[in-house]
Amino acid sequence: MANPIIETKSLSKKYRITHKEAYFTLRDSIVNCFKSPFGIFKKKRTDSSKEDFWALKDVSFDVNPGEVVGVIGRNGAGKTTLLKILSRITYPTEGEIRLRGRVGSLLEVGTGFHPELTGRENIYFNGSILGMKKKEIDKKFDEIVDFSGVEKFIDTPVKRFSSGMQVRLAFSVAAYLEPEILLVDEVLAVGDAEFQKKCLGKMKDISKGGRTILFVSHNMSAIRNLCSRVIMLEGGKISLDSDSETAVSKYLDQNLTLGTSISGKELEAKIEGYINRANPSIRFKEIKLLNQNNEPCSIFNSNEAIKICITYECLNTVDSLRVNICIVDEENREILTTTTVDDEKEVNSYRKNAGVYTSICYISPNMFGEKRLFVSVHLEYPKVEHLVLDRVLGFDVIFLGYNNISAAFKNSFIRPRLKWETQLLDLTNR
Amino acid sequence: MPTTIEKNEIIIKAQKGWLRIDFKELWNYRELAYFFVWREIKVRYKQTVVGVAWAIFKPLTTMLIFTFFFGRFAKMPSDGIPYPIFVYIGLLLWDYFSFGLSHSSDSMVGNANIIQKIYFPRLIIPISSSLIGLVDFAVASIVLVGIMLYYRYIPNIVGIFYIPFLLFITFLSSVGLGCFLASINVKYRDVRYVIPFFIQIFMFLTPVIYPVSMVGAKFKWLLALNPMTGVIETARAIILGTKDVDWQILSVSMIISAGLFIFGIFYFRKTEKFFADII
């Protein structure tokens with residue numbers, strides 16, 4: 001067996017945090033000197049303003065040629081630091097890495113893009129800074145432009161581009177980089193959905209070409225899609241190194257409490273609509289998402305029911321009250337709308353006495369495709385108050401498919417399990 | 001079992017102390033240096049009307065002002081050369097030096113976003129920043145030809161071949177000093193404010209507006225410690241062919257510029273590992 005293409009041995013990175021401004025000037029030093037003339041001497045002894053922080057601690061792993069490895073973890077877990085060390089932007093404090101191949105890193109889309117330069121000029125500069133030779137860029141130029149879809153504006157300064165166009169151009173340059181090891185940080189989070197899809201497709205092509213990819217992302221579906229193996233980082237250490245299914249589900253489990261409920265001040269800050277502040281009649285208390293086992297959850301498998309619990313208070317008797325829920329997509333387009341009065345039982349309880357209530361909406365299993373969706377909630381006391389919580393909570397749906405063969409068309413918004421029937425009408429005799 | 005280092009293998013580990021300079025890698029990245037220069041030049045004259053002619057404007061007006069004040073009023077000696085030619089040669093080389101110095105010392109901070117996102121030998125940045133000045137030098141040189149024609153001076157053909165060598169010395173000292181200041185600038189932004197001031201003072205310590213011969217023999221050596229002294233004096237001597245090259249001063253300049261260069265780039269390499277973290 002060949003040597004691993006990436007060999008990482010007990011890698012650690014220490015940062016020193018200074019609890020002052022990081023921007024030193026001589027003036028600061030002089031001012032400090034006046035503030036406490038003996039500070040200079042004192043500082044040496046106590047030095048309490050500095051603190052060591054280990055962004056990475058004892059990280060070891062090997063990657064074999066052709067592997068596509070996802071790196072996941074919460075913010076601050078050390079993902080970007082790891083990538084920065086691998087791409088030699090910063091050096092480790094301890095440990096060693098051996099890289100056996102040409103490395104291309106994509107930590108940001110459009111590094112070195114200059115607004116005054118034209119699209120064409122930026123392709124050349126950006127390509128060169130990513131490590132391409134001029135000849136390579138000449139050769140791939142047409143493909144790059146073609147992929148970006150901005151050929152019409154290629155000789156216009158990029159400052160006149162829309163931000164979406166800039167991102168597309170920038171990613172296109174990177175997409176044609178052909179290193180043996182590709183390091184990619186969360187760069188797919190930009191651009192519109194269609195372009196993201198195109199990018200993911202391109203990444204998949206690259207990985208099929210036998211290249212090694214290390215891919216940092218928060219997008220679990222992209223990770224599942226692309227990676228065969230996942231390294232999970234937690235507080236600068238590897239907490240799990242396994243196949244992507246296991247790691248993703250573990251990661252999702254850990255994040256159960258994240259974004260599954262909202263209450264208190266945080267909730268109040270989000271309330272919009274027609275609000276009578278002087279004389280409130282209805283108020284939200286809490287919104288939460290639960291799975292079928294009544295556990296807080298923000299990632300649902302498509303075969304699970306989703307419960308949306310809305311807790312609110314009626315401060316005095318309310319003659320008629322409605323709770324509406326609207327499920328919207330990332331661009332705030334309505335996918336599904338439902339209201340309490342759709343249910344006959346609820347119609348009879350229009351009127352509510354003062355008190356705290358919880359209304360629960362059950363969204364049946366097998367409803368959505370693989371999407372990120374948001375919940376908007378309306379609490380309506382007609383002609384008195386109408387409180388709106390726009391996209392108050394978000395959740396991901398992971399589409400599992402209805403048979404073991406495939407999970408086709410998973411990106412459709414609504415992907416219910418419906419009844420199908422096929423009848424034979426007539427046999428064609430030949 | 002010890003693992004052997006293969007071709008293309010990169011080892012990343014903690015860097016301590018002084019680092020060697022990987023000239024092979026620098027050479028591999030030469031195209032990037034070219035692109036840095038190319039980008040800077042493109043950007044500089046975008047949306048300007050006269051474009052690259054701005055490179056002439058500065059030395060030309062400075063020359064006119066100096067000629068007026070120092071040449072006419074102060075009757076500054078100029079070794080028998082018409083003062084405009086005398087001062088313009090000095091300004092050409094001085095401008096290249098000061099441009100290289102101020103640009104390279106500001107270059108790391110100016111490219112902070114790139115440094116934090118991508119790897120390449122960092123030395124490319126200050127080096128290419130200094131190279132940009134060569135373009136201005138070339139453009140502004142056209143004016144020198146014009147002034148010399150006006151005063152009916154025939155340039156010394158042999159002297160022309162010395163110019164790349166003199167530029168090389170200037171390049172070494174500006175990059176050396178620039179790299180050193182760029183490293184400090186990453187941590188202490190004071191450098192930014194000191195440099196313009198420093199350059200202004202330094203110009204008067206360089207024989208740009210006056211000849212070395214004006215300074216007594218006692219202080220000549222002090223002046224020679226400034227690498228630009230040898231460069232400018234030699235340039236005047238060889239372009240006009242009016243006097244012999246002072247090899248003593250020139251060799252001192254060479255040694256000092258080489259020393260500055262070596263010190264500058266090694267200091268840069270030593271501090272380079274922290275750049276991305278503190279810039």
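Miscellaneous remarks
- Members of region A:121-168 that are in contact with a Phe, Trp or Tyr (Cβ under 8 Å, 6 or more places away or on another chain), basic (Lys, Arg) and either surrounded by 15 or more Cβ atoms within 10 Å (Cβ to Cβ) or away from every other protein chain (no Cβ under 14 Å) (or both): A:Lys140, A:Arg168
- In the condition set (1) more than 14 Å from chain A (Cβ to nearest Cβ); (2) more than 30 Å from A:Arg88 (Cα to Cα); (3) in contact with an Asp or Glu (Cβ under 9 Å, 6 or more places away or on another chain), B:Ile65 is compliant with all but (3).
- Of all residues in region A:154-170 being assigned to a helix (DSSP H, G or I) and of a type in the set (D, E, K, R), the one that is nearest to B:Tyr119 (Cα to Cα): A:Arg168
- Those helices (runs of 4 or more DSSP H) of region A:219-306 in which 2 or more residues are buried (at least 16 other Cβ atoms within 10 Å of the Cβ) and at negative phi occupy A:220-226, A:244-254.
- Restricting region B:257-269 to residues that are touching a helix residue (DSSP H, G or I) at 6+ places or on another chain (Cβ under 8 Å) and of a type outside the set (Gly, Ala, Ser), the residue that is nearest to the other protein chains (Cβ to nearest Cβ): B:Phe268
- Hits in region B:233-262 - residues which are touching a Phe, Trp or Tyr at 6+ places or on another chain (Cβ under 7 Å) and among the hydrophobic types (A, V, I, L, M, F, W, C): B:Ile238, B:Leu240
- Selection status of A:Glu313, touching a helix residue (DSSP H, G or I) at 6+ places or on another chain (Cβ under 9 Å), touching a residue at least 12 places away in the same chain (Cβ under 8 Å) and surrounded by fewer than 20 Cβ atoms within 10 Å (Cβ to Cβ): no
- Selection within region A:364-394 - buried (at least 20 other Cβ atoms within 10 Å of the Cβ) and either aromatic (Phe, Trp, Tyr) or more than 12 Å from A:Ile287 (Cβ to Cβ) (or both): A:Met367, A:Phe368, A:Glu370, A:Lys371, A:Leu373, A:Glu380, A:Glu385
- B:Tyr29 fulfils the conditions (1) under 24 Å from the mean Cα position of the chain (by Cα); (2) closer than 30 Å to A:Pro115 by Cα; (3) more than 10 Å from every other protein chain (Cβ to nearest Cβ) except for a single criterion, (3).
- Taking region A:340-363 as the range and being touching a residue at least 40 places away in the same chain (Cβ under 8 Å), farther than 30 Å from A:Ala408 by Cα and surrounded by fewer than 16 Cβ atoms within 10 Å (Cβ to Cβ) as the test, the residues that pass are A:Ala354, A:Gly355, A:Val356, A:Thr358, A:Ile360.
- Listed by position, the helices (runs of 4 or more DSSP H) enclosed by region B:161-279 that each have at least 1 residues that are buried (at least 22 other Cβ atoms within 10 Å of the Cβ) and aliphatic (A, V, I, L, M) are B:163-187, B:227-240, B:247-272.
- If you go through region A:403-418 and pick out every residue that is polar (S, T, N, Q) and at pLDDT 85 or above, you end up with 1.
- Selection status of A:Ser228, of a type in the set (Gly, Ala, Ser) and over 20 Å from A:Lys410 (Cβ atoms): no
- Residues (farther than 24 Å from A:Asn219 by Cβ, at pLDDT 85 or above and of a type in the set (Phe, Trp, Tyr)) located in region A:263-311: A:Phe284
- The set of residues from region A:69-85 being surrounded by 24 or more Cβ atoms within 10 Å (Cβ to Cβ) and aliphatic (A, V, I, L, M) comprises A:Val71, A:Ile72, A:Leu82, A:Ile85.
- Scan region A:88-129 for residues that are aliphatic (A, V, I, L, M), touching a residue at least 40 places away in the same chain (Cβ under 8 Å) and out of contact with any Pro (no Cβ under 9 Å at 6 or more places or on another chain) and the total you get is 6.
- Note on region A:104-120: residues that are within 7 Å of another protein chain (Cβ to nearest Cβ) and crowded, with 20+ Cβ neighbours inside 10 Å total 5.
- Verdict on A:Val341 being touching a helix residue (DSSP H, G or I) at 6+ places or on another chain (Cβ under 7 Å) and hydrophobic (A, V, I, L, M, F, W, C): yes
Okay, residues lined up against (1) within 13 Å of chain A (Cβ to nearest Cβ); (2) more than 30 Å from A:Ile97 (Cα to Cα):
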residue	(1), (2)
B:Lys16	yes, no
B:Val37	yes, yes
B:Glu40	yes, yes
B:Ala55	no, yes
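The values are calculated or read from the model by the stated rules, or taken from the named source; none is laboratory data. All of these numbers come straight from a predicted model, not from anything done at the bench. Cβ atoms come from the backbone with ideal geometry, glycine included; neighbour counts cover every protein chain shown.
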